[in-house]
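I have placed the structure first, in the form of structure tokens, so that the comments after it can refer back to it.
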Amino acid sequence: MAVFLARRLAIAMLSVIGASVVLYAVLALAPGDVFGELVSNPGIPPDVIANMREKLGLDQPIHIRYVNWALAMVQGDWGYSLVNRIDVGTLIWQRIPATLLVVGSAQALALAIALPVGVLAAMRPYSVFDQIASTLAFIGFSLPTFFTGLLFILLFSITLDWLPFIYRADLEQTGGAWVWAQLRQSIMPVTVLALFQAASWTRYVRSSVLEVIRLDYVVTARSKGLPERVVIVKHVLRNALIPVVTMVALELPVVFGGAIVTEQIFRVPGIGSLLISSIMANDTPVIMAVTFVFACLVILFNLIADVLYRWLDPRIKLH
Amino acid sequence: MKEQEIRGLIGRVKQGAMSRRDFVQRMLAVGLTAPLATTMLAHNGIAHAQTSFDYTPTKAGGGGTVKLLQWQPASQLNPHFAVGSADQHAIYLFYEPLASWDEEGNLTPILAEELPSVENGGVSQDGTSVTWKLKRGVTWHDGTPFTADDCLFTAEFASDPETLAYTMGTYRDVTFEKIDDHTIRLVFKTPRPFWPDAFVGTRGLILPKHLYQDYRGARAKDAPMNLRPVGTGPFIITNFVPGDLISAKANPNYHVPNRPYFDAIEMKGGGDAASAARAVLQTGEYDFAWNLSVEDEILDSMGASGQGEVRLIAGANIEHMQLNTTDPWTEVDGERASVTTQHPVFKDKAVRDALALLVDRAAIAEFIYGRSGEATGNFINTPDRFTSKNTSWEFDIDKANGLLDAAGWVRGRDGIREKDGVKLSLVFQSPTAGQRQKTQTVVKQACEEAGIAMELKVVAPGIFFSADPGNSDTFGHFYCDIQMYTSPMREPDPGLFMQQFLSSEVSAKANNWQLRNVTRWRNAEFDELEAAASVEMDPVKRAAMFIRMNDLIVEDVVVIPLIYRKVAAGLRTGLKAPLSTWTSYLWRVSDWHYDA
């Protein structure tokens, strides 16, 4: 196990370094910079812009900028936003709560839907319930979130006028009123995200359970006279969920990375909307920090999934 | 329009035979800016009209919270770091200049006791100094009095190259003197005909010395006030999440009586223009949204529910086509479009004239831009309802064909005209935007009917507007025959704007394509006029010079002005708000109110 871990860690480190080089190069090669809007403004003399570029180190060659960035990153300095003129770390921390809340609850909700529906569908394959669940699942992951999001806004905000479609991170209410307001504004973004995620997870759970439920040991358990509930929960799920656990672990970075489209539609001030506005403004340090952190999380959760998988299923050997 | 004619008009305004508004409109029609027109009147003893905005509330407060949507969000709140217009707008909630521009271009005092003028001795006869009297009894949000020291400090702060203020150009060539605690004098090295720049408008917001003095130069970026501003403005910040939300409460000690009406203000960012329009016009969740660049029909259908209305504010952005004067297809010393070359086709004025005739501005304005744009024949600025009377532009394919025939351009077998072995085949580029690509197609179709082949090219805006010397697709390189984009002109004075046609500003490899004259047009008369205008103190003479410069560019078809664009704002029914495009739309947010 120790050898396995060490080897996986080494690979993960290399992946992190590789990801940072690729990200930095791509961003440096992308055209435009943060002063784009000033360039076409006749009121700003070109030498003023040139001075800003020089002082902010934007005119240095790319490899020097990369080394500077990497050294700072190792020391925990995430960089300095050229647009917001504050540390990128502060900026990201401000956005984490909204993303965790919205994307996190969406993932939880998706799991809460996918598990029972997937299992029930697998228990009676090709039954009416399974047919309906499958149809809905196909519809669910065929409809992109920007479409369902707009549909929800049209229906619940404009036609019925039940829910607000602009998400606010700091509600003025306190106590019970706050919970109510928070719930009201979260319903639409959370549901939109959860439905999309639940749809694919349902299919995954279903096929995974279906595979296990036909195995001989399940037949044995049934013939022992165990109640169906015990058979499913204790015997089937335990094994069927191993791949699902990996799947969920691999999806977890998204909770931190935010959901770009959904956050944009409902104006959720999360990491996703930070990323998109930074891209629009060409604020390279922020784009770099967000994408790099995201890359690190993906690598980390991959590592966790690998380890978890081996721990849950000792049959997996390291090759 | 000649100097004498302008003087005649001013005389009529003085006698009351012509309204000042009509005068401003006439000046706009010949291509001047509204602020320049009102400055001319002020110079001749007709004071800047103070905005006749009807403020009905009789006491401050009581208006509750007003909710604004600015979908391009504010990212930081130091006025001198605001590289984007989103920040430049939002900052007006907290900071104020000495004076600012209203919707019609009138200069209005804010932190100044009165406007300097030649009559009251505020502006020196020779134009080298301006004296401002500051309003007394103004305090910063923390209770410290506002004095001349704050103005001087702001100038010093912005002009320090280490600060990295985008406003550096406004402050660095001026000497600032403190006469007493409430009087300052600005001394210019050369006569400054258009002096309302430092401490005025967007670049003129004044910072508190007592807070910022510890954050000079490179330390400026660490100032906590960059995120929690302490200003003199009508609102005091309570919370700021960069890129998302600004919340503020009313300033109880605001220096204008009975203002602000609203107890609190909230500005939310993010999302897109269409949903911002929906939140104001359709659901009424928000009171105001700025810059609703949404198609006309959609705005109309949203407005039908009666929750809000759309207001179009005269702006100064001109969508225009530029014609390359140099040859973009021949390389000379490692650069194309070198000033040593001549454009193979455009050197024939007949082709340029024909091209101007082939642009169907009326159709483009009506069908592509709708309410948000008007056809224009002028380059400098905002034409209005007088446009058609004073400027000449027409769309006439037959006439264009006639011109080309007469100039010896004959159609080849493929229908494309040629002369001396040169084919009339052009490449036309513009940055991506739905309306622009439609416009390109309209132009292309008309050109094809006149035997001009046209290849359309679309460049991502990030590339097009970048200053990257290594990328030949930028507007500065202009490596094609024609290009089209919007010149953002929030400058109240055309002086800086016209510099983009100076021979000395030619964009080339030698200056890494950083200079402004991208058409590479050179004209001695224009250069002389510009030099004269930059020191001419008589606003009327100066205006006549600008009109002549505008005529030179348009008559020589260096540019083909197309559309003068307006900004759409969404207001919830009943909201009264004086807006402006010459500065932040929030320039008088203290006066926003609902009628009781």
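The values are calculated or read from the model by the stated rules, or taken from the named source; none is laboratory data. As the structure is a computational prediction, the values presented were derived from the model and not from experiment. All Cβ positions, even for glycine, are placed from backbone atoms using ideal geometry, and neighbour counts span all protein chains on display.
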Tell me, yes or no, whether the stretch B:50-57 has at least one residue that is surrounded by 15 or more Cβ atoms within 10 Å (Cβ to Cβ) and at pLDDT 80 or above. yes
Could you check the stretch A:147-173 and list, in sequence order, the residues that are in contact (Cβ under 8 Å) with a residue 60 or more places away in the chain, among the aliphatic types (A, V, I, L, M) and part of a loop (DSSP other than H, G, I, E, B)? A:166, A:169
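Output the residue which, of all residues in the stretch B:107-120 that are farther than 16 Å from residue B:79 by Cβ and among the β-branched types (Val, Ile, Thr), is surrounded by the fewest Cβ atoms within 10 Å (Cβ to Cβ).
Applying the first criterion (farther than 16 Å from residue B:79 by Cβ) to the stretch B:107-120 yields B:107-109, B:112-120.
Next cut, among the β-branched types (Val, Ile, Thr) only: B:108, B:118.
Values: B:108: 20, B:118: 15.
Residue satisfying both the conditions and the ranking: B:118.
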Given the condition buried (at least 20 other Cβ atoms within 10 Å of the Cβ), within 13 Å of chain A (Cβ to nearest Cβ) and assigned to a loop (DSSP other than H, G, I, E, B), answer yes or no: does some residue in the stretch B:297-310 qualify? no
When you go through A:246, A:202, A:291 one by one, which is the residue that is of a type in the set (S, T, N, Q) and under 30 Å from residue A:170 (Cα atoms)? A:291
Tally, over the stretch B:256-293, of residues that are of a type outside the set (Gly, Ala, Ser), farther than 20 Å from residue B:588 by Cβ and in contact with a Lys or Arg (Cβ under 9 Å, 6 or more places away or on another chain): 3
All but one of (1) assigned by TED's automatic domain parsing to the domain that holds residue B:518; (2) at pLDDT below 85; (3) farther than 30 Å from residue B:30 by Cα hold for residue B:340; which doesn't? (2)
Quick check, is residue B:143 over 19 Å from the mean Cα position of the chain (by Cα), surrounded by fewer than 21 Cβ atoms within 10 Å (Cβ to Cβ), on the phi > 0 side of the Ramachandran plot and not aromatic (Phe, Trp, Tyr)? yes
Select from the stretch B:506-531 the residues that are surrounded by fewer than 19 Cβ atoms within 10 Å (Cβ to Cβ), under 23 Å from the mean Cα position of the chain (by Cα) and outside any loop (DSSP other than H, G, I, E, B) and write down the one among them that is modelled with the highest pLDDT. B:527
Top-ranked residue in the stretch B:257-296 [being of a type in the set (Ser, Thr, Tyr) and within 12 Å of another protein chain (Cβ to nearest Cβ); ranked as farthest from the chain's Cα centre (by Cα)]: B:283
The stretch B:496-537: number of residues that are in contact with a helix residue (DSSP H, G or I) (Cβ under 7 Å, 6 or more places away or on another chain) and under 20 Å from residue B:128 (Cβ atoms): 5
Within the stretch B:233-256, track down each residue that is within 26 Å of residue B:59 (Cα to Cα), within 14 Å of another protein chain (Cβ to nearest Cβ) and touching a residue at least 40 places away in the same chain (Cβ under 8 Å). B:237, B:246, B:248
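Going through the stretch B:120-147 one residue at a time, which ones are among the aliphatic types (A, V, I, L, M) and either in a loop (DSSP other than H, G, I, E, B) or over 25 Å from residue B:252 (Cβ atoms) (or both)?
Of all residues in the stretch B:120-147, those among the aliphatic types (A, V, I, L, M) come to B:123, B:130, B:134, B:138.
Hits for the stretch B:120-147 are B:123, B:130, B:138.
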For the stretch B:311-334, how many residues meet the condition of being within 17 Å of residue B:513 (Cα to Cα), buried (at least 19 other Cβ atoms within 10 Å of the Cβ) and among the acidic types (Asp, Glu)? 1
Would you check if residue B:281 is at pLDDT 85 or above, buried (at least 22 other Cβ atoms within 10 Å of the Cβ) and assigned by TED's automatic domain parsing to the domain that holds residue B:553? no
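Only one of B:286, B:369 is of a type in the set (Ser, Thr, Tyr) and outside the structural domain of residue B:497 (by TED's automatic domain parsing); which?
On the way: B:369 fails: outside the structural domain of residue B:497 (by TED's automatic domain parsing).
Exactly one of B:286, B:369 is of a type in the set (Ser, Thr, Tyr) and outside the structural domain of residue B:497 (by TED's automatic domain parsing), namely B:286.
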Only one of these conditions is not met by residue B:162: (1) closer than 22 Å to residue B:493 by Cα; (2) surrounded by fewer than 19 Cβ atoms within 10 Å (Cβ to Cβ); (3) within 14 Å of another protein chain (Cβ to nearest Cβ). Which number is it? (1)
Got at least one residue in the stretch B:204-218 being within 28 Å of residue B:107 (Cβ to Cβ), within 27 Å of the chain's Cα centre (by Cα), not in a loop (DSSP other than H, G, I, E, B) and not hydroxyl-bearing (Ser, Thr, Tyr)? yes
Residues satisfying the stated conditions in the stretch B:466-505, i.e. of a type in the set (S, T, N, Q), surrounded by fewer than 21 Cβ atoms within 10 Å (Cβ to Cβ) and part of a loop (DSSP other than H, G, I, E, B): B:471, B:472
How many residues of the stretch B:255-278 are surrounded by 21 or more Cβ atoms within 10 Å (Cβ to Cβ) and not in a helix (DSSP H, G or I)? The answer is 11
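For the stretch B:434-446, give me the residue count where each residue is touching a residue at least 24 places away in the same chain (Cβ under 8 Å) and either touching a Cys at 6+ places or on another chain (Cβ under 6 Å) or surrounded by fewer than 16 Cβ atoms within 10 Å (Cβ to Cβ) (or both). Explain how you work it out, then say what you get.
Residues of the stretch B:434-446 that are touching a residue at least 24 places away in the same chain (Cβ under 8 Å), as a first pass: B:435-436, B:438-440, B:442-443, B:446.
If we keep only those that are either touching a Cys at 6+ places or on another chain (Cβ under 6 Å) or surrounded by fewer than 16 Cβ atoms within 10 Å (Cβ to Cβ) (or both) as well, we get B:438.
Residues in the stretch B:434-446 being touching a residue at least 24 places away in the same chain (Cβ under 8 Å) and either touching a Cys at 6+ places or on another chain (Cβ under 6 Å) or surrounded by fewer than 16 Cβ atoms within 10 Å (Cβ to Cβ) (or both): 1 in total.
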With respect to residue A:259, is the statement that it is within 14 Å of chain B (Cβ to nearest Cβ), closer than 22 Å to residue B:87 by Cβ, crowded, with 17+ Cβ neighbours inside 10 Å and modelled with pLDDT under 85 true? no
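Any idea which of A:284, A:291 is more than 14 Å from chain B (Cβ to nearest Cβ) and out of contact with any strand residue (DSSP E or B) (no Cβ under 9 Å at 6 or more places or on another chain)? Please lay out each step first, then the result.
Details: A:284 fails: more than 14 Å from chain B (Cβ to nearest Cβ).
Within the list A:284, A:291, the selection yields A:291.
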Here are some residues: B:493, B:414. Which one is acidic (Asp, Glu), farther than 23 Å from residue B:337 by Cα and free of Cβ contacts under 8 Å to residues at least 40 places away in the same chain? B:414
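Quick check, is residue B:104 of a type in the set (Asp, Glu), surrounded by fewer than 23 Cβ atoms within 10 Å (Cβ to Cβ) and modelled with pLDDT under 90?
On the way: of a type in the set (Asp, Glu): yes; surrounded by fewer than 23 Cβ atoms within 10 Å (Cβ to Cβ): yes; modelled with pLDDT under 90: yes.
Spelling it out, residue B:104 is indeed of a type in the set (Asp, Glu), surrounded by fewer than 23 Cβ atoms within 10 Å (Cβ to Cβ) and modelled with pLDDT under 90.
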Selection within the stretch A:229-250 - modelled with pLDDT of 85 or more and charged (D, E, K, R): A:229
Going residue by residue through the stretch A:12-29, is there one that turns out to be in contact with a Gly (Cβ under 6 Å, 6 or more places away or on another chain) and either exposed (fewer than 14 other Cβ atoms within 10 Å of the Cβ) or not basic (Lys, Arg) (or both)? no
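Taking the residues in the stretch A:55-81 that are under 22 Å from residue B:472 (Cα atoms) and not aliphatic (A, V, I, L, M) as candidates, determine which candidate is farthest from the other protein chains (Cβ to nearest Cβ). Write out each step before concluding.
Initial filter on the stretch A:55-81 (under 22 Å from residue B:472 (Cα atoms)): A:58-62.
Checking which are not aliphatic (A, V, I, L, M) leaves us with A:59-61.
Working: A:59: 10, A:60: 15, A:61: 12 Å.
Filtering first and then ranking leaves A:60.
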